[in-house]
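One structure is given here, and the rest of the page talks about it.
Every number in this text was worked out from the coordinates using simple rules, so none of it is lab data. It should be emphasised that the depicted structure is a prediction, and the values quoted were computed from it without experimental measurement. Cβ sites come from the backbone with ideal geometry, for glycine too, and all protein chains shown count toward neighbours.
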Amino acid sequence: VLYPTPYGALTQLFAGTMPEALNYNGEFMIPWARVGRCRPEAYDDELGERFWKWLEDEVKARMG
């Protein structure tokens, strides 16, 4: 699926240059300068800590 070229950097330009983007600090931006929601798991601090520990364990196992 192809979209018009001007849409290519719209979200990044909005988030980085528009004053009203300050209202969305810390939010997740989705294509065409819209605020989206992450999966519910992304907001679960306990799950995030478990995932971080798993990542560290995996890196240690591969790095020796």
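What is the angle, in °, between the Cα long axis of helix 45-63 and the longest principal axis of the Cα atoms in the chain? Nearest 10 is fine, range 0 to 90. It is inclined by approximately 60 degrees. Which value at 222 nm does the chain reach when only helices count, each DSSP H run of 4 or more adding -39,500 (n - 2.57), with the total divided by all residues and rounded to the nearest 500 deg cm²/dmol? Here the helix-only value at 222 nm equals -13500 deg cm²/dmol.
What's the exposure ranking of V35, V59, V1, going from fewest to most Cβ atoms within 10 Å? Kindly include the intermediate steps, with their values, before the conclusion.
Numbers: V35 12, V59 9, V1 2.
If I rank by nearby Cβ atoms, fewest first, I get V1, V59, V35.
Given the alternatives (1) 17.3, 48; (2) 15.3, 43; (3) 12.4, 35, Rg and Dmax of the Cα atoms in Å as computed for this entry is given by (1).
Tally Lys and Arg at +1 and Asp and Glu at -1 over the other residues with C-beta under 15 Å from the C-beta of G64: what net charge comes out?
Details: positive: K60, R62; negative: E56, D57, E58.
Spelling it out: positives minus negatives among the neighbours equals -1.
Dipole size of segment 5-63 about its Cα centre, with +1 on Lys/Arg Cβ and -1 on Asp/Glu Cβ: approximately 260 debye, rounded to the nearest 20. Around the amide H of M29, modelled in the peptide plane, lie the amide H atoms of G36, all under 5 Å away and 5 or more residues distant in sequence or on another chain.
Take the Cα of M29, step 7 Å toward its Cβ, do the same at T5, and the gap between the two points is 2.1 nm.
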